[in-house]
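Take a look at the structure below.
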């Protein structure tokens, strides 16, 4: 039962194989098993690859099964259409397009399994890329907000500088009128004279302006700080909104690119393994000597080809013979006087009928 199934997978003619030796049947069962297990590996690999795309196990299994059937059909077709020839060169030339197709299939099958085998390493590469993308995203978003925040901070610094300047001027006036009262500066007279009073009034005026400036600039600073807080909140919101896009950067293409950044040596040997699996039936059939099945298959083809050629030639001969006979028959008929007289009478009768009919039509039209 199992041998019959694998023989079916090999694409060989089971009717011919039943008349062959056990060894010949085992050979084609082995080729069929290789085709079958290659399709199973294709199903597993494509199922995992599609799971990374759809993130749904049932969808991945369904489309993976379809892909496995496609690979099975291709491999079975490739193996079944390679025929043993008398020249290895002609066999290799016949198998060359199929070997190229096998290489393509091996690449398609091996990549998803490589991603599964090196999943931890790929996740590490993706993590580094995500971190770099997060930093780059923050820097890019900061370019939209940082200049505004810096201008606002500069406005705050300017307002504070005005207060500091006014405080320095007020303090200087305070020192001036105190020194005047103590007699250590100004007029040099001890006591609160007219000069002291003038300087005191000037200081009090500056002090009142300072208090007013502090109040006005304080309100402006509070308003600017609220703007800065709002801009910082907008920046954080923009970062939070864009972060899920970066966190979801782990699709099929991202993983393939991450796999390409890993050392090529292990991946290359995995590819060689699948290439060997995929081309094994073809290589085995090319290297195997011509067996009993091949002779019987070639004999069957020869019988059919001979029979078809014979039928075609017979039809050609029949057609040419029939044409020659018809030519001779019509030549003989052409020379018979009685037949000539009969056809002449019928032609005259037809002309009379046509004339009468035309006459009747003309009379009705009058």
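Annotations
- Criterion applied to 310, 327 was being more than 30 Å from residue 18 (Cβ to Cβ), in a helix (DSSP H, G or I) and either in contact with a strand residue (DSSP E or B) (Cβ under 7 Å, 6 or more places away or on another chain) or at pLDDT 75 or above (or both), and the one residue passing it is 327.
- Number of the exception - residue 83 against (1) over 20 Å from residue 275 (Cα atoms); (2) assigned to a helix (DSSP H, G or I); (3) touching a helix residue (DSSP H, G or I) at 6+ places or on another chain (Cβ under 8 Å): (2)
- Total residues in the stretch 12-28, condition in contact with a helix residue (DSSP H, G or I) (Cβ under 6 Å, 6 or more places away or on another chain), surrounded by fewer than 21 Cβ atoms within 10 Å (Cβ to Cβ) and within 20 Å of residue 73 (Cβ to Cβ): 1
- Check on residue 58, at pLDDT below 80, under 23 Å from the mean Cα position of the chain (by Cα) and part of a helix (DSSP H, G or I): no
- For residue 104, the conditions (1) assigned to a helix (DSSP H, G or I); (2) in the same structural domain as residue 35 (by TED's automatic domain parsing); (3) touching a residue at least 24 places away in the same chain (Cβ under 8 Å) are fulfilled apart from (3).
- For residue 131, the conditions (1) surrounded by 13 or more Cβ atoms within 10 Å (Cβ to Cβ); (2) outside the structural domain of residue 278 (by TED's automatic domain parsing); (3) out of contact with any helix residue (DSSP H, G or I) (no Cβ under 6 Å at 6 or more places or on another chain) are fulfilled apart from (1).
- Residue list for the stretch 18-48, restricted to those being over 15 Å from residue 8 (Cβ atoms) and part of a loop (DSSP other than H, G, I, E, B): 19, 20, 21
- Residue satisfying condition, being in contact (Cβ under 8 Å) with a residue 60 or more places away in the chain and out of contact with any helix residue (DSSP H, G or I) (no Cβ under 7 Å at 6 or more places or on another chain), within set 91, 121: 121
- Of the criteria (1) farther than 30 Å from residue 302 by Cβ; (2) out of contact with any helix residue (DSSP H, G or I) (no Cβ under 8 Å at 6 or more places or on another chain), which one residue 77 fails: (1)
The values are calculated or read from the model by the stated rules, or taken from the named source; none is laboratory data. Being a predicted model, the structure only gives us computed values, none of them experimental. Virtual Cβ from ideal backbone geometry, glycine too; neighbours counted across all protein chains shown.
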